[in-house]
1. Which value in nm describes the separation of the simple spin-label points at Leu73 and Gln18, placed 7 Å from the Cα toward the beta carbon?
2. Residue by residue through the stretch 69-80, which ³J(HN,Hα) values in whole Hz follow from phi under the Karplus form 6.51 cos²θ - 1.76 cosθ + 1.60 (θ = phi - 60°), with glycine and proline marked x?
3. Using the heavy atoms of the protein chains and a 1.4 angstrom probe, tell me the accessible area per residue for the stretch 80-150 in square angstrom.
4. Taking 26 Å as the cut-off for C-alpha to C-alpha distance, list the pairs among Lys33/Lys140; Lys158/Lys185; Lys33/Lys148 that go past it.
5. For the stretch 53-64, what does the Karplus curve 6.51 cos²θ - 1.76 cosθ + 1.60, with θ = phi - 60°, yield as ³J(HN,Hα) per residue in whole Hz, taken in order and with x for Gly and Pro?
6. Using each residue's phi in the stretch 129-144, evaluate 6.51 cos²θ - 1.76 cosθ + 1.60 at θ = phi - 60° and report the 3J(HN,Hα) Karplus result to the nearest Hz, with x for Gly and Pro.
7. Would you mind telling me the share, in percent, of accessible area of the stretch 1-153 contributed by carbon and sulfur at probe 1.4 angstrom?
Amino acid sequence: MDRYAGAGDEAADRARQQERHYQLLSALQSLVKELPSSFQQRLSYTTLSDLALALLDGTVFEIVQGLLEIQHLTEKSLYNQRLRLQNEHRVLRQALRQKHLEAQQTCRPHNLPVLQAAQQRELEAMEHRIREEQQAMDRKIVLELDRKVADQQSTLEKAGVAGFYVTTNPQELTLQMNLLELIRKLQQRDCQMLTAPAAVLGPDLGEGSKQQEWYLEKVP
């Protein structure tokens, strides 16, 4: 009897998994209709079915949420670093202006043109240094964000999520961002279904996150 009961439980589990897979696949197919036609053509039935399978146990939803949290912390840190640098540059400019003003006030009139020429050279040298520091900071931010993109791609690929692998191809990145947006929308629907079991998954893609800025988002 126990063997038959166990077999019955397994059959029931398979039926629930199949129903869950069908719900996810149907929701994905509806959501994909909201994407540009060029990306709809890239997302075949097989790709969407594989994606639905990867989402069955909810682990991928947790992974995506974790990646988002790491990303937001990284963005905040990089943004604060750039803001601190901008503040340092503002203080430098104010100090140099004050220094130049005080020097001009005590300068003899016949020496003023020479002083102003020297001050202009000093100002240009400082602005050149500021530009170099800003560019170095921007390169650091881009490099760090590129690393985060690759980390996300690798993590999702290892998790078996269809469509994800490490790439810098702009079209592939956009496709992957669209896939991430679909996953996030499904996660939101899942939360709603937990509080309202009778709810039906539908095709509301909505505005979503800013796709161009980083993978899930980018530094402000």
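1. Once both label points are built, they end up 4.3 nm from each other.
2. So the J values, rounded to whole Hz, are 5, 4, 4, 5, 5, 5, 4, 5, 5, 5, 4, 5.
3. That works out to 73 Å² per residue.
4. Numbers: Lys33/Lys140 38 Å; Lys158/Lys185 22 Å; Lys33/Lys148 29 Å.
Result: Lys33/Lys140; Lys33/Lys148 exceed 26 Å.
5. After applying 6.51 cos²θ - 1.76 cosθ + 1.60, I find 4, 5, 8, 4, 8, x, 4, 5, 4, 5, 4, 4 Hz.
6. The phi angles translate into 5, 4, 4, 5, 5, 5, 5, 5, 5, 5, 5, 4, 5, 4, 4, 5 Hz.
7. Values: 5400 of 10210 Å².
Roughly 53 percent, rounded to a whole number.
The values are calculated or read from the model by the stated rules, or taken from the named source; none is laboratory data. These figures come from a predicted structure and were not determined experimentally. Cβ sites come from the backbone with ideal geometry, for glycine too, and all protein chains shown count toward neighbours. Heavy atoms of the whole protein, side chains included, go into the accessibility calculation; ligands, DNA and RNA do not. Shrake-Rupley method; radii C 1.70, N 1.55, O 1.52, S 1.80 Å.
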